[in-house]
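Computed from the coordinates by the stated procedures, all read-outs in this text should not be read as laboratory data. Predicted model only: the values in this text are computed from it and were never measured. Neighbour counts run over all protein chains shown; Cβ positions are idealised from the backbone, glycine included.
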Amino acid sequence: MLMKMSIILYHKNRNIGIDVRNERGNIEMIEHPIIALRLQGYDEHICIDISEVHGFPNEISYGGGYFAQGNLDIRVGSYSVCAKHSFTTGELYDFLCQLQKCYDAISGEAVLENAGYELELKLTFQKTGKVLATGMFQECPDVDTRLYFEMMTDQSAVADALCELKNVYSIFGDKKGIIKT
């Protein structure tokens, strides 16, 4: 269900909440942080959450959608990253579209990149139902420290990730934002 009409951002107990009036006219509260993407592997995971959204609902960001900030948590083997991360909801929407196409075809590649080149995540689908996740994270562009990672997962984990991305889409819309009436 695409959220429409009156939208109010406010701070409550250090979390951001969004009151939205849905298509039936009922007010719904959406608490932050919102899990935008969680990809579970075998004893490893990649997770992005949204803790702040700027410009919502009136200002579209340069990457499409709204400028967002959140946390990035990568745990692969004995390596891990827990960092603040900036991205746009439009970048997540592009990834959702690519990922859905690959999931339906059980083949192909879906790539999540952000304009700041902090994170690159590529999912490669194999005909066996396995999915290889590879990527790179660099917290500061001016410091040449990067974490390259690789993990194996399967299509059931991708189905869960698609649900989370679709939830972000239902709240924030596509690259053009939400429908305002």
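Things to note:
- In terms of packing, defined here as the mean over residues of other Cβ atoms within 10 angstrom, the peptides 67-75, 122-130, 162-170 line up highest first as 67-75, 162-170, 122-130.
- If you bin all the Cα-Cα distances of the range 33-172 at 10 Å, starting from zero, the percentages per bin are 12, 45, 34, 8, 0.
- Order of ILE34, ILE48 under a 10 Å beta carbon neighbour criterion, fewest first: ILE34, ILE48
- Distance violations [Cα-Cα > 30 Å] among LYS84/LYS127; LYS84/LYS166; LYS122/LYS166: LYS84/LYS127
- Relative packing of 140-148, 57-65, which averages over residues the other C-beta atoms within 10 Å, highest first: 57-65, 140-148
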